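The structure under discussion appears below in the form of structure tokens.
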Amino acid sequence: MKRFLVFVAVVLLFLPYSSARERMLFNEGWSFKKEDPLSIQKDNRLDYEKIKKWILPSGNRFLKNAPLYAQPQEKLNGGEYTEISFDDSSWRVLNLPHDWGIEGPFVQDLPGETAKLEWFGVAWYRKQFEVSSEDVNKQFFLEIDGAMSYSTVWCNGELVGGWPYGYASYQVDLTPYIKAGEKNQLAIRLDNPNISSRWYPGGGIYRNVWLTKTNPIHIDQWGTFVTTPQVSAEKAEVHVAVSLANAEKDHAQVVLRSTLYLQDKEGNIEGDALVSTEQKVCACSSKTVSQVLSLEQPKLWDVEHPDMYVVKTEVLNNEEVLDTYLTPFGIRTIEFTAEDGFHLNGRRVQLKGVCMHHDHGALGAAFHTRAMERQIEILKEMGVNAIRTSHNLPAQEMLDLCDRMGILVLDEFVDTWVMPKKENGYSKLFVDWNEQDLRAFIHRDRNHPSIIAWSIGNEVGEQHNEQGIVIGKWLSTVVREEDSTRPTTIGNDNPQAGFNGFERVADVFGYNYKPHFYAKFKEENPEIPLYGSETASCISTRGEYLFPVDNDKSGGKIGFYMSSYDLFAPGWACPPDTEFEGQDRVKASAGEFVWTGFDYLGEPTPFTADMTVLSNYHSDEERAQAEKDLKEAGKLTVPSRSSYFGIVDLAGFKKDRFYIYQAHWRPELPMAHILPHWNWADRKGEITPIHVYTSGDEAELFLNGKSLGRKSKGEYEYRLRWDDVVYEPGEVKVIAYKNGKEWAEDVVKTTGNATQLKLEADRQAMKADGSDLIFITVDICDKEGLMHPKASNKIEFEVKGAAEIVATDNGDQTSHASFLNPYINAFNGKALVILRSVKGKSGNIILKAKSKGLRGSQIKLKSTEL
């Protein structure tokens with residue numbers, strides 16, 4: 001019997017700093033311009049192959065036993081944009097993270113697969129900074145958390161380094177190029193190739209950038225690794241591996257001291273030291289030192305109680321602190337078993353997971369901590385306890401949030417190996433860069449308690465051949481060399497991958513959209529752990545319903561919208577109920593990761609091709625243009641630019657599907673949800689089916705006080721249906737029961753005409769740091785305050801005080817309105833406006849919303865000092 005047992009304590013990136021180490025967020029005041037200077041446009045010397053080759057492995061410390069970072073193998077001409085003397089005063093000045101693609105406009109002729117936005121192309125970022133003359137002997141490193149893509153860095157006109165994979169985080173050593181006591185100039189070039197992604201990747205330096213200053217003797221980037229090989233309720237043995245670097249020629253004797261503390265919910269050290277250890281070591285050019293601390297009665301990290309600790313590691317020379325590195329971590333055990341799935345701290349935990357792409361809807365690919373936190377809050381309300389980072393490395397701050405909020409993570413490496421899915425996708429890099437990218441990825445993330453497995457790929461084309469088996473085993477070997485405390489896994493859409501030898505390339509097998517294969521897989525592979533790595537892919541549009549209700553999963557199209565009866569899916573996929581049954585029938589499965597938690601930009605399945613149905617267009621203007629297109633080209637172009645897969649729409653509004661998952665994943669929560677809405681003036685006397693999602697086991701439905709019958713869930717039934725309801729306006733009410741007792745109820749009413757706007761903020765205050773956000777939902781309501789489910793009024797916004805409007809959205813997958821507009825049409829009664837704080841400006845915020853013919857509304861918020 002094969003069992004994969006793991007005991008782990010984990011680490012985050014380091015936090016602030018003693019005087020010996022300074023790590024500064026380096027996001028402000030960058031100058032930006034698209035396109036190369038004419039001098040290098042002409043000779044085209046910065047092509048992908050050269051960029052790929054000059055930062056190849058020799059001397060890169062993220063290859064096994066290699067001590068140094070990558071250095072250029074040949075000089076590349078960056079043109080005048082790299083020079084200190086170049087005048088960039090005409091360039092746009094902005095703050096990072098930045099995604100140039102989300103700024104639009106939407107272009108109908110661009111593919112909906114990547115959101116009809118121009119995210120591709122070449123762009124430059126420049127920034128000046130001063131270095132004190134007192135820092136002449138310091139080391140300087142530029143850390144780039146994410147730049148899309150083929151990024152190349154110059155400092156003071158000299159080529160420093162770079163990294164081609166757009167989702168990778170990396171560091172370059174600026175020390176040889178820094179001029180102490182003078183102004184220094186950075187220039188970063190991105191070249192984001194078209195036809196390189198299956199979804200919206202974004203463009204730009206879309207994650208944080210940091211400038212780190214250290215002494216010559218210091219701890220490496222991502223230079224600690226904490227594990228706990230022995231964990232019990234009484235004691236945990238904490239092992240700390242520290243990677244020391246010494247940029248000086250001479251070796252030095254130093255003292256390495258590690259001290260353990262509790263961490264509070266804000267990420268700060270709490271209380272006194274719990275235990276400490278120190279030892280004398282020789283600081284060579286590169287050296288890894290291991291230390292052991294014993295902790296009595298440890299608090300275990302868990303999804304319910306994500307308790308955290310901090311290791312403070314100091315490098316000392318005669319009591320002078322040369323470096324300080326803070327490492328938050330959590331103590332827990334994880335285990336995947338072939339018999340009954342996943343165990344956390346010895347307790348079986350069903351994975352109630354979702355897959356998530358990296359964009360934040362209207363905010364694009366630029367990472368915003370509060371936007372991610374809001375997404376996790378909504379997902380946790382639904383019952384989610386796990387996220388798969390499909391199909392690439394996530395932002396480091398996303399993992400920090402999962403650590404603090406108790407979310408398990410399946411951390412994913414790439415979408416493609418050698419066989420291409422897109423002409424300019426990762427397959428161009430895989431042969432030269434897979435080891436370097438993978439080792440750096442594991443080094444960056446291996447210390448997060450939330451991560452429970454490393455995914456080495458997704459639906460790779462090599463699932464069916466010997467090459468795939470060789471590559472898969474190689475990648476798993478690399479992962480184990482870097483981190484032996486977690487299993488490897490891979491998501492497989494080819495049913496034969498479970499039976500042709502490919503099932504053994506990783507430790508845990510993931511099936512994409514194959515609930516009907518779970519039983520067969522377990523029969524033939526009883527020793528291999530199994531889970532649903534990508535499931536369901538139900539498609540819907542919030543608030544849209546098609547009649548008559550067809551159980552054929554290929555139906556449900558309403559123009560370019562999808563019916564929200566949650567019965568419809570692409571050919572490879574299924575409604576949520578089908579996957580629930582597959583999981584319940586095969587108890588050995590560890591759980592599932594639904595595609596997807598939120599709608600995302602791009603991949604608007606099933607509307608990814610040209611259409612020839614004029615009824616897909618609703619307004620007279622759209623129809624007239626469509627008729628012209630059809631006459632001239634014989635086809636109609638599809639407006640869809642974002643996905644229909646989400647359980648929550650792009651704006652963060654819950655679809656009906658949210659509640660079937662909540663009912664199934666949170667059986668202890670009294671809840672009931674009715675669909676559809678009950679505004680159907682044109683359907684009087686017609687059959688209008690009603691579905692109910694509830695955590696109860698039976699329910700009684702009432703229409704205008706009259707009972708329509710009481711129904712019970714049968715085995716493998718996850719919704720209750722009244723399919724013969726004849727529409728009449730009024731009130732629909734359901735009373736749900738559990739074990740024969742009243743459990744929960746829901747009411748849906750026919751609304752009156754829209755008369756007013758109602759605003760509701762996700763929170764009342766934010767920090768005046770220039771990046772914090774508040775999300776305000778706008779409902780168009782009748783005089784009783786009920787949201788009108790068909791309203792589409794235009795809403796205009798005005799903000800006064802310590803905030804600015806950064807984006808608007810409404811969840812409409814076909815809208816080509818710019819997200820940057822301070823106005824938007826409601827979609828099925830709802831809209832969203834996002835406010836961002838102004839750095840250093842605290843005080844009151846007044847947001848006003850108005851709409852012609854409706855009573856306006858305003859909301860008072862605050863921005864607080866840091």
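Summarising the amide proton neighbourhood of Thr688: residues at separation of 5 or more, or on other chains, whose placed amide H is nearer than 5 Å comprise Val725, Val726, Tyr727. Here the stretch 776-810 and the stretch 388-430 have alpha carbon centers that stand 34 Å from each other. May I ask which residue of Gly582, Leu601, His464 lies farthest towards the positive end of the charge dipole of the stretch 342-604, with charges of +1 (Lys, Arg) and -1 (Asp, Glu) on Cβ and the Cα centre as origin? Checked the options; the winner is Gly582. Computing FRET efficiency as 1/(1 + (r/R0)^6) for Arg585 and Lys741, where r is the C-beta to C-beta distance and R0 is 25 Å, gives about 0.30. For the stretch 671-749, the dipole from Cβ point charges (+1 on Lys and Arg, -1 on Asp and Glu) about the Cα centre works out to 100 debye, to the nearest 20.
Ordering Phe413, Phe547, Ile451 by the projection of their Cα atoms onto the charge dipole of the stretch 342-604, which places +1 on the Cβ of Lys and Arg and -1 on the Cβ of Asp and Glu, puts Ile451 at the extreme positive end. Amide H contacts of Val122 (H built 1.01 Å from N, in plane; Pro and chain starts excluded): Glu35, Asn192 sit under 5 Å, all sequence-distant by 5 or more or on other chains.
The fewest-to-most ranking of His360, His239 by surrounding Cβ atoms within 10 Å reads His239, His360. Each helix, a run of at least 4 DSSP H residues, gives -39500 (n - 2.57); summed and divided by the residues of the chain, these come to -4000 deg cm²/dmol at 222 nm.
A Förster radius of 25 Å combined with the Cβ-Cβ distance from Glu784 to Lys684 puts the calculated FRET efficiency at roughly 0.70. A simple spin-label model places the labels of Lys767 and Gln253 4.3 nm from each other, with each point 7 Å out along Cα-to-Cβ.
Per-residue Karplus couplings for the stretch 843-855, computed as 6.51 cos²θ - 1.76 cosθ + 1.60 with θ equal to phi - 60°, are listed in order as x, 6, 10, 10, 9, 10, 10, 9, 8, 4, x, 10, 6 Hz, Gly and Pro entered as x. Around the amide H of Cys355, modelled in the peptide plane, lie the amide H atoms of Arg388, Val594, Trp595, Gly597, all under 5 Å away and 5 or more residues distant in sequence or on another chain.
Each Lys or Arg adds one and each Asp or Glu subtracts one; over the other residues with Cβ under 12 Å from the Cβ of Gln764, this totals +1.
The length gained by stretching the chain between Glu266 and Asn704 to full extension, at 0.36 nm per residue less their Cα-Cα distance, is 152.7 nm.
Any idea what the dipole of the stretch 342-604 comes to, in debye rounded to 20, about its Cα centre with Lys/Arg Cβ at +1 and Asp/Glu Cβ at -1?
Numbers: 26 positive and 39 negative charges, 84 e Å.
Using Cβ point charges on Lys, Arg, Asp and Glu, the stretch 342-604 gives about 400 debye.
Listed by chain and number, the lysines whose alpha-carbon sits under 21 Å from that of Lys655, ignoring those within fewer than 8 places in the same chain, are Lys352, Lys380, Lys553, Lys557, Lys733, Lys749, Lys758, Lys790, Lys830. Remark on the stretch 342-604: ratio of C-alpha radius of gyration to 2.2 N^0.38 Å is 0.99.
Per residue, the average separation of C-alpha pairs within less than 8 Å and at least 6 apart gives the chain a relative contact order of 10 percent. Counting neighbouring beta carbons within 10 Å and listing from fewest to most, the residues Phe441, Phe607 come out as Phe607, Phe441. Quick one: Cα centre-to-centre distance for the stretch 237-261 and the stretch 472-527, in angstrom? Taking the Cα centre of each part, the stretch 237-261 and the stretch 472-527 sit 38 Å apart. Evaluating 6.51 cos²θ - 1.76 cosθ + 1.60 at θ = phi - 60° for every residue in the stretch 408-414, the Karplus couplings come out as 6, 10, 9, 8, 10, 8, 8 Hz, glycine and proline recorded as x.
Put a dot 7 Å past the Cα of Gln230, heading toward its Cβ, do the same for Asn753, and the two dots end up 7.8 nm apart. Full extension of the chain between Lys183 and Leu274 yields a length gain of 28.4 nm, computed as 0.36 nm times the residue separation minus the alpha carbon distance. Listed peptides 679-686, 853-860 appear in the order 853-860, 679-686 once ranked by packing, highest mean of other Cβ atoms within 10 Å at the front. Summary of the geometry: the stretch 647-672 and the stretch 277-311, compared by the centres of their Cα atoms, lie 39 Å apart. Using C-alpha pairs under 8 Å with a sequence gap of at least 6, the mean separation divided by the residue count of the stretch 342-604 gives a relative contact order of 18 percent.
On the beta carbon distance between Arg92 and Lys794, with R0 = 25 Å, the FRET formula returns roughly 0.30. Sequence-ordered 3J(HN,Hα) estimates for the stretch 814-821 from the Karplus curve with 6.51, -1.76 and 1.60 and θ = phi - 60° stand at 10, 6, 10, 5, 5, 5, 7, 5 Hz, glycine and proline given as x. Size check on the stretch 359-484: the Cα extents along the three principal axes, sorted descending, read 44, 34, 24 Å.
Given the C-alpha atoms of the stretch 109-264, compute the convex hull and give its volume per residue in Å³.
195 Å³
Projected label points at Thr637 and Glu103, each 7 Å from Cα along the beta carbon direction, are separated by 2.2 nanometres. Looking at the stretch 342-604, the DSSP beta bridges with both ends there are about 10 percent antiparallel.
Its Cα gyration tensor gives the stretch 756-864 an equivalent ellipsoid; the semi-axes, largest first and in whole Å, are 24, 15, 10.
The residues packed around Val747, meaning those with a beta-carbon under 10 Å from its beta-carbon, carry a net charge of -1 if Lys and Arg are +1 and Asp and Glu are -1.
In the stretch 254-326, a dipole from Cβ-located charges (positive for Lys and Arg, negative for Asp and Glu) runs towards its positive end, and of Leu316, Ser276, Tyr261 it is Leu316 whose Cα lies farthest in that direction. Would you work out if the stretch 314-383 is rounded, prolate or oblate? Take a ≥ b ≥ c from the square roots of the eigenvalues of the alpha-carbon gyration tensor; rounded if a/c is under 1.5, else prolate when a/b is larger than b/c, oblate otherwise. Cα axes put the stretch 314-383 in the oblate bin. The share of Cα pairs per 5 Å bin across the stretch 642-684, counted from zero up to the longest distance, runs 5, 19, 21, 19, 17, 13, 5, 2 percent. Highest-first packing order for the peptide set 693-703, 427-437 is 693-703, 427-437, based on the mean count of other beta carbon atoms within 10 Å. Rounded to the nearest 20, the Cβ-based charge dipole of the chain about its Cα centre (Lys and Arg +1, Asp and Glu -1) stands at 840 debye.
In the chain, inverting the average of 1/r over every pair of distinct C-alpha atoms gives 28.7 Å as the Kirkwood radius.
Values quoted throughout were computed directly from the atomic coordinates according to the rules given, and no laboratory measurement underlies them. Everything quoted here is computed from the prediction, not taken from an experiment. Cβ sites come from the backbone with ideal geometry, for glycine too, and all protein chains shown count toward neighbours.
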